[in-house]
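Asks: The structure that follows is given in the form of structure tokens.
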Protein chains: 2
Amino acid sequence: MTDSDGHPEPEQIALGPILAALADPLRRRVIAELARAPDGTERTCASFNLPVTKSTLTHHFKVLRESGLVRQVDRGNSRAACLRRADIEAKLPGLLSLVAADETTGQG
Amino acid sequence: MTDSDGHPEPEQIALGPILAALADPLRRRVIAELARAPDGTERTCASFNLPVTKSTLTHHFKVLRESGLVRQVDRGNSRAACLRRADIEAKLPGLLSLVAADETTGQG
DNA sequence: CACAAGGTACGTATTGCGTCATACCTAAGA
DNA sequence: TCTTAGGTATGACGCAATACGTACCTTGTG
């Protein structure tokens, strides 16, 4: 066990929670933006400009974190979220490409 | 428009409804079994032995049908469901492999 | 210290989803 | 024709998920 601060181990990443997390349009938008960005990109929760309040934002990122899609690291003042690209690609190869290529996930 | 009897055209198949459909464990189990079977396999709704009633079964297959995952064709007495493998693979390549390979989708 | 910014936790309302029961339809067989 | 089997449509119920407001914590800055 490394941190397990709500983050599942790479082997514990399962299809069910991942699909459940990606079923929500807002969460899928977050993953799509992260997937299109270069690997290792760190972004704060608020930087995605989702049309929800702070508490709802926290809820969505908790789902993303507990599903294993993103890792949240403390950056002093705020908390940065970065995509667990390698872990997901190892367990579910090609999934992130599908989300990234989805034109429905409008960023405009 | 061909049939469009609740079946979306191949171009209309979108990631959102597909993921929403696959988020449910019962529906994912159906798709997993169909994906593991040879292409063109036709199965009746009841043949999957899902632990739900008839009406719930109809509901789930409606979601699968309207998302574009399966096509339901009238077979006189009953209605056979078959996986729209080519259509899905064209829009979302690799997705069916992930569902088929998921060991969480226990069939035992 | 005071204050603002970013997140979290708790409680709560509301919506959606899965589930069922019932009633109805169609096709095949006795 | 009657019965049985497989599906569908509708309505209702319960639970989970999304959403919000509020309060609170932490870090950084004035």
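The values are calculated or read from the model by the stated rules, or taken from the named source; none is laboratory data. As the structure is a prediction and not an experimental result, all values here were calculated from the model. Every residue, glycine as well, gets a Cβ built from its backbone with ideal geometry; the counts of neighbours run over all protein chains shown. Side chains are part of the model used for accessible areas, which takes the heavy atoms of the whole protein and leaves out ligands, DNA and RNA. Shrake-Rupley method; radii C 1.70, N 1.55, O 1.52, S 1.80 Å.
Asks: 5 Å is the cut-off here: which amide hydrogens, built 1.01 Å from N in the peptide plane, fall below it relative to A:Val70, excluding neighbours closer than 5 in sequence?
Replies: Here the answer is A:Arg65, A:Arg84, since their amide H atoms fall under 5 Å of that of A:Val70.
Asks: In the full protein assembly as shown, how much of A:Ile31 is accessible to a 1.4 Å probe, in Å² to the nearest 10?
Replies: Counting only protein heavy atoms, the figure is 0 Å².
Asks: Among the lysines, which fall within straight-line cross-link reach of A:Lys91, defined as a Cα-Cα distance under 29 Å, with same-chain neighbours fewer than 8 residues apart omitted?
Replies: By straight Cα distance, A:Lys91 reaches A:Lys62, B:Lys91.
Asks: Measuring label to label, 7 Å along Cα→Cβ, what does A:Pro93 give against each other copy in nm, shortest first?
Replies: Copy-to-copy label distances at A:Pro93, shortest first: 1.4 nm.
Asks: Quick check for me: using +1 on Lys/Arg Cβ and -1 on Asp/Glu Cβ, what's the dipole size of chain A about its Cα centre, in debye to the nearest 20?
Replies: 340 debye
Asks: Check every DSSP H run in chain B and write down those whose alpha carbon atoms cover 30 angstrom or more along the long axis and whose mean Kyte-Doolittle hydropathy is 1.0 or greater.
Replies: none
Asks: Still on this structure: Under 1.5 on a/c is rounded, so check that first for region A:14-58, then, if it is not, pick prolate when a/b is larger than b/c and oblate when it is not; a ≥ b ≥ c are the square roots of the alpha carbon gyration tensor eigenvalues.
Replies: Verdict is oblate for region A:14-58.
Asks: Chains A and B: how much accessible area gets covered up at their contact, both sides added, probe 1.4 Å, in Å² to the nearest hundred?
Replies: So the total buried area for this chain pair works out to about 1200 Å².
Asks: For chain A, which semi-axes, largest first and in whole Å, follow from the square roots of 5 times the eigenvalues of its Cα gyration tensor?
Replies: 19, 18, 13
Asks: Using the Karplus curve 6.51 cos²θ - 1.76 cosθ + 1.60 with θ = phi - 60°, work out ³J(HN,Hα) for each residue of region B:79-89 in order, rounded to whole Hz, and write x for Gly and Pro.
Replies: 10, 8, 10, 9, 5, 8, 4, 5, 4, 5, 5
Asks: At 7 angstrom along the Cα-to-beta-carbon line, where would the label on B:Asp39 sit relative to the other copies? Give the distances in nm, shortest first.
Replies: Spelled out, the distances from B:Asp39's label point are 3.2 nm.
Asks: Hey, what did chain A get for relative contact order, percent, Cα under 8 Å, at least 6 apart?
Replies: 37 percent
Asks: Quick check: convex hull of the Cα atoms in the protein assembly as shown, volume per residue, rounded to a whole Å³?
Replies: 145 Å³
Asks: Karplus couplings for region A:93-104 from phi (6.51 cos²θ - 1.76 cosθ + 1.60, θ = phi - 60°), rounded to Hz, Gly and Pro as x?
Replies: Values, residue by residue: x, x, 5, 5, 4, 5, 5, 5, 7, 6, 6, 5 Hz.
Asks: Would you mind checking which residues have amide H under 5 Å from B:Arg79's amide H? H placed 1.01 Å from N; only 5 or more apart, or other chain.
Replies: The list, which skips near neighbours in sequence, is B:Cys45.
Asks: Separate question: Mind checking which of B:Glu33, B:Glu66, B:Glu89 has the largest fluctuation in a GNM of chain B, springs on alpha carbons under 10 Å?
Replies: B:Glu89
Asks: In region B:4-34, which residues become less accessible by 20 Å² or more once every protein chain is in place, relative to the chain on its own, using a 1.4 Å probe?
Replies: Output list: B:Leu15, B:Gly16, B:Leu19, B:Ala23, B:Arg28.
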